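No value in this document is a laboratory result; all are computed from the given coordinates. If you're wondering where the values come from, they're calculated on a predicted model, not measured in any experiment. All Cβ positions, glycine included, derive from the backbone under ideal geometry; neighbour counts span all protein chains shown.
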Amino acid sequence: MTFVRRSMLFTPANVRRFVEGVWKHSPDMVVLDIEDSVAPDQKQSAQAMMQDAIPLAARGGAEVAVRVNSDTVAEDCNAAIWPGLCAVVLPKAETQEQITTLDALLTRLEAERGLPPMSVEIMPMIESAIGVQNAYAIASASRRIKSFGVLGEADLTADLGASFDALQSHDVLAYPRGEVGLAACALGLTVNGRAWTPGKATIADYGDLEALERSMRASWLAGCRSTFCIHPRQVAAANEHLRPSASDVAQASEMVRAYTEADRARLPYGVLDGLVVDAKSAQTAQNIIDYAAACDAKDAAKASRRAKLEVEARNEPV
């Protein structure tokens with residue numbers, strides 16, 4: 001199964017109108033948040049709303065995850081693990097033991113609540129120097145981890161003694177980003193994160209649409225396939241650019257054709273515009289074609305669900 005999770009939009013779980021209306025923004029995944037976007041005195045309220053929030057957030061065809069608090073993981077998971085939830089986002093992941101403990105907790109809750117075994121994924125967030133140092137151990141700690149690589153930019157820059165504002169002009173997280181991306185690729189995991197581009201293109205910036213689109217396109221070219229969004233404005237750019245463009249698909253199709261023709265002629269490789277197309281590059285090209293089709297299918301399914309919800313909204317009594 002090909003997962004399409006270009007845009008993963010954080011939505012505070014304790015604000016019902018946000019949860020009810022999140023489908024209008026068309027994220028591939030809704031991350032019901034009971035961490036940073038919820039005030040400390042509202043966290044219990046957010047926990048209490050989780051079970052009802054999951055089906056509401058899923059109405060537009062998005063997958064639904066939850067971001068828990070690193071210091072109340074057990075309590076948050078007890079409130080959040082219900083049918084319809086696909087993943088737990090774990091902030092401040094620093095050790096292998098955090099992952100194995102969460103894995104065991106999810107195994108118990110799945111059994112108690114009738115969820116299929118191993119159906120709830122773990123998505124670690126790396127937000128400290130020790131987390132970067134332990135990236136491979138964290139990413140390999142559980143089969144529940146399917147994607148890896150997201151950095152908590154604000155916390156990590158602070159932990160490194162760097163200025164968050166410096167990210168506009170300097171790639172101060174180049175090494176951490178490379179380290180977690182390498183761990184993901186070594187383990188065959190989907191890379192979740194962003195490439196660095198100059199300008200206002202951090203997760204906290206959503207006012208400069210041109211910079212945002214440039215960042216998303218660069219991220220796709222760098223191998224990233226999904227990213228977290230803290231504002232609905234970021235969703236459209238992620239959906240459009242964290243996927244193959246029409247020209248990408250056309251180029252990939254030509255590469256597959258060149259290799260197929262060479263293979264039929266019993267040649268070791270094909271040639272396209274002076275470039276060698278071997279078996280590996282042909283498979284990569286086919287993957288691009290297949291992923292573009294998966295993105296189109298995801299968008300069509302969400303559009304169908306949104307159309308039904310819009311009709312329902314128009315027919316509601318005033």
Revision key, fill the gap. Across Ala183, Ala158, Ala139, the residue with the highest GNM fluctuation in the chain (Cα network, 10 Å cutoff) is Ala158
Point to revise | Pair Ala218, Asn78: separation of 7 Å Cα→Cβ label points (nm) | key: 4.5 nm
Practice item. Among Glu153, Glu127, Glu97, determine the one that fluctuates most according to a GNM of the chain built with springs between C-alpha atoms less than 10 Å apart. Key: Glu97
Practice item. Quote to one decimal, in nm, the extra length available between Arg16 and Ala246 on full extension: 0.36 nm per residue of separation minus the C-alpha distance between them. Key: 79.0 nm
Review point. Which of Thr284, Thr157, Thr11 moves the most in a Gaussian network model of the chain with Cα springs under 10 Å?
Key: Thr284
Point to revise | Stokes-Einstein D in µm²/s, Kirkwood radius over Cα pairs - the chain at 10 °C with 1.306 mPa s viscosity | key: 77 µm²/s
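Past 30 Å, Cα to Cα: identify those pairs from Lys43/Lys308; Lys200/Lys280; Lys146/Lys302; Lys280/Lys302, in the order given. List each step's numbers first, then the result.
Working: Lys43/Lys308 33 Å; Lys200/Lys280 36 Å; Lys146/Lys302 23 Å; Lys280/Lys302 33 Å.
Violating the 30 Å limit, Cα to Cα: Lys43/Lys308; Lys200/Lys280; Lys280/Lys302.
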Study note, to complete from the structure: Quick shape summary for segment 171-280, equivalent ellipsoid via Cα gyration tensor, semi-axes whole Å in descending order, reads 33, 17, 11
Review point. Working out 0.36 nm times the residue gap between Asn315 and Gln42, then minus their Cα-Cα distance, what length gain in nm do you get to one decimal?
Key: 94.9 nm
Practice item. Could you calculate the contour length gain from Thr2 to Thr260, that is, 0.36 nm times the residue separation minus the distance between their Cα atoms, to one decimal place in nm? Key: 90.5 nm
Check your understanding: What is the fewest-to-most order of Arg177, Arg314, Arg113 by other Cβ atoms lying within 10 Å of their Cβ?
Key -> Arg314, Arg113, Arg177
Revision key, fill the gap. In the neighbourhood of Ala246 defined by beta carbon distances under 12 Å, the net charge of the other residues (Lys, Arg +1; Asp, Glu -1) is -2
Exercise for review: Along Cα→Cβ, 7 Å out, is where each label goes; now give me the distance between the ones at Ala104 and Ala279 in nm to one decimal.
Suggested key: 4.4 nm
Revision key, fill the gap. The summed charge of the Lys308 Cβ neighbourhood (under 12 Å; Lys/Arg +1, Asp/Glu -1) stands at +3
Study note, to complete from the structure: The rounded separation in angstrom of the Cα centers of segment 20-45 and segment 133-188 is 23 Å
Check your understanding: By counting other Cβ atoms within 10 Å of each Cβ, how are Asp28, Asp278 ranked from fewest to most?
Key -> Asp278, Asp28
